[in-house]
Amino acid sequence: METRKIQQVSNGTFTVSLPREWADGEGITAGTVVNLHTHLDGMLVVQAPEREDDSSMQFTVTVGGSDADGRVDSAGGDFLEQTLRAAYAAGSKQVVIEADGTFDAEQRQAVRRVARNLVGVTITEESDTAVTVRNVLDANEVSIRQSVRQLQFVAVSMHRDATAALTGAAPLDGFAERDDRADRLFAMVDRHFTRGLDRLDEVDALGETRPELFRLHTAARELERVADQAERIAAVASAVADPLPPAVADEVSELAELVPESLESAVQVALEGDDPDAAREALAARDRVCEGVADVERRLFEEVDADANYRFAHALHALERTAEHAGNVAEVGLRTAVRTRNMDEKPAREGGTESAEHTQRA
């Protein structure tokens, strides 16, 4: 740590010198405009402006070539897709893919698939030997809260349809498209969260504080996992010819229906922190689902054949994990309530007068 003495110039403005080594490393010279971020804890952060030539913001990857034996070692579509998705999550703005030769059809399809499935990604230049992929989405155009809401709606609809198919109540319809949408929404939240760790101006553009952004990202990850568990339940429903026995199916339906309402309440508290009791109820619902799943599993061994029992057990474990993810969102909500000091608030009685002071629970 270094110390600096505050100086005062003739017009009354306070000034402080910057460490020369830091300024040189950030490319700061006389006349450079820097960003000043003030925080409620009294901190003042000086950050250099983001540079387009920053290696973390753009990079080049080369595919193709020959190994030691002279054989062509061309990176396939999976490699390209993984690389582009990793660059997106890392917050990079531009990726240039160069081919040692020419791109094959699989590689081009992979690049176009990523551009189609990730929010804000577009192909800006394309030739036989190079493709430039750029993210054009501005953080000022993004609402992380709205994205979390949308992710909740998608995850809940997937959960309801998957469990309905498992119990024989309804067929699966449009499931793959919603799964892709859930992945796309979380990928966008994850990207802006990662950029917010590096750039405070990204946090400012998103209109969230750093703690809020962290909580929203945590809630979004849990919602994305709810969608993943729904996908597992749907896979079992598609693989087993006969649905669950009616009595067992009714129990599973009742347990499954506890999740959407508790998840909606948990997300609301995570976003606003205004009803901690709803978060506690969501945690209680999680416990009921987990206990109920254990009871249903015991009955399955008595009423279902071994092969189907094995598959249904996987679906029940996915249902249990879904409840646990909903509980994790509720815990995020409780932390939000603590930070917003709503833990001890009670709603005003109907027809009464709201107290000016919070009533503390015993």
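The values are calculated or read from the model by the stated rules, or taken from the named source; none is laboratory data. Fair warning: this is a prediction, and the values are worked out from it, not measured in the lab. All Cβ positions, even for glycine, are placed from backbone atoms using ideal geometry, and neighbour counts span all protein chains on display. All accessible areas refer to the heavy atoms of the entire protein, side chains included, with ligands and DNA or RNA removed. Shrake-Rupley method; radii C 1.70, N 1.55, O 1.52, S 1.80 Å.
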Scanning region 269-289 for residues that are within 19 Å of residue 216 (Cα to Cα) and open to solvent by less than 60 Å² (accessible area, probe 1.4 Å) gives 269, 270, 271, 273, 276, 278, 279, 282, 283
Given the condition in contact with a helix residue (DSSP H, G or I) (Cβ under 8 Å, 6 or more places away or on another chain), closer than 30 Å to residue 211 by Cα, assigned to a helix (DSSP H, G or I) and β-branched (Val, Ile, Thr), answer yes or no: does some residue in region 255-265 qualify? yes
Counting only residues that are farther than 20 Å from residue 199 by Cα, open to solvent by less than 100 Å² (accessible area, probe 1.4 Å) and of a type in the set (Gly, Ala, Ser), which one in region 1-42 is farthest from the chain's Cα centre (by Cα)? 12
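Please enumerate the residues belonging to region 97-121 that are closer than 12 Å to residue 84 by Cβ and under 26 Å from the mean Cα position of the chain (by Cα).
Narrowing region 97-121 to residues closer than 12 Å to residue 84 by Cβ: 97, 107, 110-118, 121.
Across region 97-121, the qualifying residues are 110, 111, 112, 113, 114, 115, 116, 117, 118, 121.
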What number goes with the only condition from (1) open to solvent by 50 Å² or more (accessible area, probe 1.4 Å); (2) at pLDDT 80 or above that residue 45 does not pass? (1)
Set 208, 141, 126: member being over 29 Å from residue 237 (Cα atoms) and touching a strand residue (DSSP E or B) at 6+ places or on another chain (Cβ under 8 Å): 126
Give the residues of region 259-290 that are over 16 Å from residue 233 (Cα atoms) and of a type in the set (A, V, I, L, M), sorted by residue number. 263, 266, 267, 269, 270, 271, 278, 279, 282, 283, 284, 285
Please find, among 214, 193, the residue that is assigned to a helix (DSSP H, G or I), open to solvent by 70 Å² or more (accessible area, probe 1.4 Å) and farther than 24 Å from residue 318 by Cβ. 214
Strands (runs of 3 or more DSSP E) (entirely within region 73-172) containing at least 3 residues that are among the aliphatic types (A, V, I, L, M) and open to solvent by 60 Å² or more (accessible area, probe 1.4 Å): none
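Being of a type in the set (Asp, Glu) and either touching a Pro at 6+ places or on another chain (Cβ under 8 Å) or in a helix (DSSP H, G or I) (or both) narrows it down to one of 251, 208, so name that one. Write out each step before concluding.
Values: 208 fails: either touching a Pro at 6+ places or on another chain (Cβ under 8 Å) or in a helix (DSSP H, G or I) (or both).
Matching residue, one of 251, 208: 251.
Just a yes or no: is a residue in region 231-239 touching an Asp or Glu at 6+ places or on another chain (Cβ under 7 Å) and under 21 Å from residue 182 (Cβ atoms)? It would help to see each step written out before you state the result.
Initially, region 231-239 is screened for residues touching an Asp or Glu at 6+ places or on another chain (Cβ under 7 Å), giving 231.
The next check asks that each one be under 21 Å from residue 182 (Cβ atoms); those that pass are 231.
Within region 231-239, one or more residues are touching an Asp or Glu at 6+ places or on another chain (Cβ under 7 Å) and under 21 Å from residue 182 (Cβ atoms).
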So, in region 76-135, of the ones that are touching a helix residue (DSSP H, G or I) at 6+ places or on another chain (Cβ under 8 Å) and of a type in the set (Ser, Thr, Tyr), which residue ends up nearest to residue 187 (Cα to Cα)? 88
Test set (1) in contact (Cβ under 8 Å) with a residue 12 or more places away in the chain; (2) under 27 Å from residue 265 (Cα atoms) - residue 120 fails condition number: (2)
Out of all the residues in region 242-258, is one or more in contact with a Leu (Cβ under 6 Å, 6 or more places away or on another chain), without any contact (Cβ under 8 Å) to a residue 12 or more places away in the chain and not aromatic (Phe, Trp, Tyr)? no
Long-range neighbours under 6 Å by Cβ, at least six apart or interchain, first residue more than 12 Å from residue 135 (Cβ to Cβ) and of a type in the set (Asp, Glu) within region 71-92, second surrounded by 15 or more Cβ atoms within 10 Å (Cβ to Cβ) and modelled with pLDDT of 80 or more: 81/110; 81/114
